[in-house]
Amino acid sequence: MRLRTFVMPAVLIAVAGLGAAHASGFAIAELSIAGLSEADALVANTSSMGALAYNPAAMAFHKGGYDLGLQGIDAHTQVTPTGGAGTFVATTPHWETMPNLFWADKIAPHTRFGFGINEPYGLQIAWPAQTFPALAQGAASALAPTYTQLRLFDVAPSFSYRFGHVAVDAGADYYDAHRVVLGTPTATVSGSGDQIGAHVGALGQWGPVSVGANYRSAVDVPLDGALEEGGHSIPVNASLHLPWQFALGVRDALNSKFGVEFDFDRTGWSRFNNIVVNPAPALGGPTLLTSTYNWRSSNAYRLGLHYALSRHVRLRAGYAYDVTGATNAGFSARIPDANRQEFSFGASQRLGAWSLSAGYMYVLFNTRSYASNQTFSGTDPNGTSAYDGTYKTHAQLFGISISRRFS
């Protein structure tokens, strides 16, 4: 009885809480090192191989090639709980490394095929068991959010076609949530799942000005796993609601050396309003838990700059302001999200058909002082006084990449 009453809700509400990330919600916006260097303002870029992951329609402006990168993320999150014994620092994430790849090639005079592999959602966060006073003792201690991890990859094949000044693309997104590990002081749940979504885009260039747009569909990823506690194992399932994403960008090559791009992104976080947890179909029975988050769709505003220092060296910089989708009504320490600013810079060196790039980004989250007017009781601490406190987060990202253009 105790297993179902306390541990099951404690762990399974975590399926929806996927750690502190550095884009809106638990999304990861950086799909290439060129993108990281320009605050991800690349959806209207027709020249950089690193822009293909942001808008595959850009493939039609290239003969072909690939961009392979590796980035590391170091995040620091802390909370000073109201009524607690000081400040607690999340013991993870430690350094996370994430690869990204986009490859494209010509299959007809105006047609290109390509595919990307990246990690658009994830990261991890863990709190010491005694962090939140309301969840530090008694039956409520089984609800403490001690560990949450997600690794989700996207394999995205695309076709693009160009007619005149405009190119369009369409493709699929195969999402593989291959590692989900969630924990409380008394239990651990692990699982995995996959699902297919779609994306479409367009990109037009008229002299020095280009305009691009890209849309990725929302998907529900079914998760199947096992809840383990004290030698017991129970099969469970849930659904991870990933948002739709829309990006619109305008780029102007002001002269032969300097260019600027402004992007507007909107993410459909309003889909992330709750999570319903059920026992595995073989067990049957009623719904175990409905946990409410009440997120809202949010915007990001991105500015990217690039400057040709010489024929072979290009400098990049960027700034973004990213608005969180997390509301007070469903605030959770598993995703202590807040509005944030992103500052980035980088450089690339061309070596014939090859290019080497490096980039850096610093992400500063606004301090979030949370105080709920709903007293904690029951089995869901989200949106309640259990998480009252002051949250601070910052992150650093480093990346390197190598790209090659086909002749």
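The values are calculated or read from the model by the stated rules, or taken from the named source; none is laboratory data. Because the structure is a prediction, the values reported are computed rather than measured. Glycine also receives a Cβ, built like all others from the backbone with ideal geometry; neighbour counts cover every protein chain displayed.
Data overview
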| read-out | value |
| --- | --- |
| Hits in region 194-221 (condition: modelled with pLDDT of 95 or more and among the hydrophobic types (A, V, I, L, M, F, W, C)) | Ile196, Ala198, Val200, Ala202, Leu203, Trp206, Val209, Val211, Ala213, Ala218, Val219 |
| Tally, over region 194-217, of residues that are buried (at least 16 other Cβ atoms within 10 Å of the Cβ) and not in a strand (DSSP E or B) | 1 |
| Looking only at region 244-273, and only at residues there that are part of a loop (DSSP other than H, G, I, E, B) and touching a strand residue (DSSP E or B) at 6+ places or on another chain (Cβ under 8 Å), the one that is surrounded by the most Cβ atoms within 10 Å (Cβ to Cβ) | Phe272 |
| Some residue of region 335-344 being in contact with a Pro (Cβ under 9 Å, 6 or more places away or on another chain) and under 25 Å from Gly122 (Cβ atoms) | no |
| Residue that is modelled with the lowest pLDDT [pool: residues in region 274-294 that are assigned to a loop (DSSP other than H, G, I, E, B) and surrounded by 13 or more Cβ atoms within 10 Å (Cβ to Cβ)] | Leu288 |
| Pair list, Cβ under 8 Å, 6 or more apart: region 321-336 residue aromatic (Phe, Trp, Tyr), other residue assigned to a strand (DSSP E or B) | Tyr321/Ala300; Tyr321/Tyr301; Tyr321/Arg340; Tyr321/Gln341; Tyr321/Glu342; Phe331/Tyr370 |
| Candidates Ala329, Ala308, Ala320, filtered to the one that is of a type in the set (A, V, I, L, M, F, W, C) and either closer than 21 Å to Ile28 by Cα or surrounded by 20 or more Cβ atoms within 10 Å (Cβ to Cβ) (or both) | Ala320 |
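One line per residue, one yes/no per condition, for (1) in contact with a helix residue (DSSP H, G or I) (Cβ under 7 Å, 6 or more places away or on another chain); (2) in a strand (DSSP E or B):
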residue: Thr324; (1), (2): no, no
residue: Ala329; (1), (2): no, no
residue: Pro336; (1), (2): no, no
residue: Gln349; (1), (2): no, yes
residue: Leu356; (1), (2): no, yes
residue: Thr379; (1), (2): yes, no
residue: Thr390; (1), (2): no, yes
residue: Ile400; (1), (2): yes, yes
residue: Arg404; (1), (2): no, yes
